[in-house]
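Have a look at the structure below before the remarks.
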Amino acid sequence: KMHLGKLRALYCRASRRGKPLPDDSSSSEYKTFAFCVFALLTRYDSLGGAGYQAALGEHAFDVLYEKLGVCVECFASPLNCRYGTFCSQFEDVDAHFGSLGSFFSNAFAPIEGSFEMNPPFVPETMLLAVEKLERLLRHAEKENKALSFVVIVPAWSDCRYWRALEQSAFLRCERDIVNAEDHGFCDGSQHSRPSHERHRVSSYDTGVWYLQTSMAAKKWVVNDQVRRLVCETMKKARGSVKNVKELEKRYRPEKGATTAHPIKKTKL
């Protein structure tokens, strides 16, 4: 019920210019909304692997908004987004709920603003995302605009995307690393689970990076307090199990699986 209410609010904002839906579920307007919800759920359910749609916990998102003005997610879906504006994979079904389309689309080319970027945990995809981020930052710097990204990625230091982040001229402070068993994410299937099972422990250590243009660094200051708050609030989404091994036992008991699987989103 809570998640349906969220989808209803997103739909009214994106597709009805804020006009509320009628309470009569037999009305044509409500039926159109219901069809959009059905198409959305069917599309994401067909992907399987709910863990691939995980997102930052709500407490961490709130800190990013309050301290750094973050209000857009670069990789999300109507089901797991925290903000009303986000990029996602399936624009045909997601746009009804506020999606801007794919982050990789040429149409997505912000020159200013503050963004959260938590791409799928696929090395090649993360590298492409970081490369586009660098292009956007270089252009915004040239235009003297305030553009900022908080990047959330697994701490795989041997991968090219990690080295690209380390070498970025827009890196404003040392990256933070949160140990896997100390934090978690909102589960991709949170809409179909009890509210107390919304979160799941992380499969990997996670790196938190802050990349900004010169103007953005002045507008949204990344200090030690902000960095500490972000890491502390990520720990609030750890969930009710201590590690991935226990998570696998809970949700795949018939197979006795203990192998860790990425808990991120599908490739966008």
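Counting heavy atoms of the protein chains only and a 1.4 Å probe, report the per residue accessible area for the range 127-178 as a whole number of Å². Could you put the intermediate results ahead of the total?
Details: 2530 Å² over 52 residues.
In whole numbers, the range 127-178 has 49 Å² accessible per residue.
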Net lengthening on full extension, Lys218/Cys12 (0.36 nm per residue, minus Cα-Cα): 70.6 nm
Unsatisfied cross-links (Cα-Cα over 25 Å) in the set Lys132/Lys218; Lys6/Lys219; Lys142/Lys219: Lys6/Lys219
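Could you calculate the contour length gain from Tyr83 to Arg135, that is, 0.36 nm times the residue separation minus the distance between their Cα atoms, to one decimal place in nm? Intermediate values should be presented prior to the final figure.
Numbers: separation 52, 0.36 × 52 = 18.72 nm, distance 2.42 nm.
Roughly 16.3 nm would be gained on extension.
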Rg and Dmax of the range 114-153, Cα atoms only, in Å: 10.8, 32
Cα gyration tensor shape of the range 11-161, rounded if a/c is under 1.5, else prolate or oblate by comparing a/b with b/c: prolate
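Quick check: at a probe of 1.4 Å, how many percent of the accessible area of the range 10-155 sits on carbon and sulfur atoms?
Result for the range 10-155: 51 percent of the exposed heavy-atom area is carbon or sulfur.
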Dimensions (Å) - the range 88-195, Cα atoms, principal axes, largest first: 47, 36, 23
Tensor-based shape of the range 62-129 (alpha-carbon gyration tensor, a/c under 1.5 rounded, otherwise prolate or oblate): rounded
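The values are calculated or read from the model by the stated rules, or taken from the named source; none is laboratory data. This is a predicted model, so every value here is computed, not measured. Surface accessibility is based on the protein's heavy atoms, side chains included, excluding ligands, DNA and RNA. Shrake-Rupley method; radii C 1.70, N 1.55, O 1.52, S 1.80 Å.
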